Amino acid sequence: MNIGRFTQGQRKAAGLALALIASLACSAVVAAPPPHAGACVIGAPGCKHQPHRLMYPAHALSFGNGGFSLHPRGVNWANNNGAMTLTLRRPLDYDGGDVTVTLFYQLTSDEIGDITFHITPVTMHHGSGFETYGAVASNTVVASGDPTMVLEQSAVIPPGNGFSPDGDWWYLEIGREGTYNLGLRMMSVAIDY
């Protein structure tokens, strides 16, 4: 095709039409959800695609002296005592929906038992008080006796009960429970929203 035969107005209109077609094609590709839609808890009601993800290595979490020790792969957590915490600024693009917290860790004992985490979420702003209300439980998994196994567990935090969508800061307190009361190594925490 010889584009030199078209008038300048025709060339401009054709260019705009091609740009619109390309824009629509790109929009269709971007809008399509990925094959693995996110860290929703399997079987949880209302589980939906959460397009935003924040990642924090375990060394970024706070923890007490008793039962915790640093390791190159993360933080060793000796038993069900104590808690790890994470405080972060609310993401600017958070729209007030559910927040999914996923914990990724390695077993460090060959014992068998079940593991559940509980996460106490709090939102705060400048001048607010610090008060916790209630925890949200993760799914439960079974420690199979393989001290090299890595596992992940998630908990979905809905707005309410101390977790306000308009709080400027998020505080997450992570505790352990279950019959597996031996060592694990926290490696990373993912937050999907």
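Assorted remarks:
- Unique match (being open to solvent by less than 60 Å² (accessible area, probe 1.4 Å) and in contact with a strand residue (DSSP E or B) (Cβ under 9 Å, 6 or more places away or on another chain)) among Tyr105, Tyr133: Tyr105
- First in the stretch 79-97 and in contact (Cβ under 8 Å) with a residue 24 or more places away in the chain and within 30 Å of Asp110 (Cβ to Cβ), second anywhere and among the polar types (S, T, N, Q) and open to solvent by 30 Å² or more (accessible area, probe 1.4 Å), Cβ under 7 Å, 6 or more apart: Asn79/Asn181; Asn80/Asn181; Met84/Ser62; Thr85/Ser62
- Residue identified as touching a Ser or Thr at 6+ places or on another chain (Cβ under 8 Å) and at positive phi among Gly74, Gly82, Gly145: Gly74
- Residues considered: Asp168, Asp146. Of these, the only one that is free of Cβ contacts under 8 Å to residues at least 40 places away in the same chain and either surrounded by fewer than 17 Cβ atoms within 10 Å (Cβ to Cβ) or hydrophobic (A, V, I, L, M, F, W, C) (or both) is Asp146.
Residues checked against (1) open to solvent by 60 Å² or more (accessible area, probe 1.4 Å); (2) free of Cβ contacts under 8 Å to residues at least 12 places away in the same chain:
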{"site": "Pro121", "(1), (2)": "no, no"}
{"site": "His125", "(1), (2)": "yes, no"}
{"site": "Val142", "(1), (2)": "yes, no"}
{"site": "Val150", "(1), (2)": "yes, no"}
{"site": "Gln153", "(1), (2)": "no, no"}
{"site": "Ile157", "(1), (2)": "no, no"}
{"site": "Gly160", "(1), (2)": "no, yes"}
{"site": "Ser164", "(1), (2)": "no, no"}
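For (1) crowded, with 16+ Cβ neighbours inside 10 Å; (2) at pLDDT 60 or above; (3) of a type in the set (A, V, I, L, M); (4) part of a strand (DSSP E or B), each residue gets a yes or a no:
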position: Lys12; (1), (2), (3), (4): no, no, no, no
position: Ala39; (1), (2), (3), (4): yes, no, yes, no
position: Ser69; (1), (2), (3), (4): no, yes, no, yes
position: Gly82; (1), (2), (3), (4): yes, yes, no, no
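The values are calculated or read from the model by the stated rules, or taken from the named source; none is laboratory data. The structure displayed is predicted, hence computed values, not measured ones. For neighbour counting, all protein chains shown are included, and Cβ atoms are generated from backbone atoms with ideal geometry for every residue, glycine included. Surface accessibility is based on the protein's heavy atoms, side chains included, excluding ligands, DNA and RNA. Shrake-Rupley method; radii C 1.70, N 1.55, O 1.52, S 1.80 Å.
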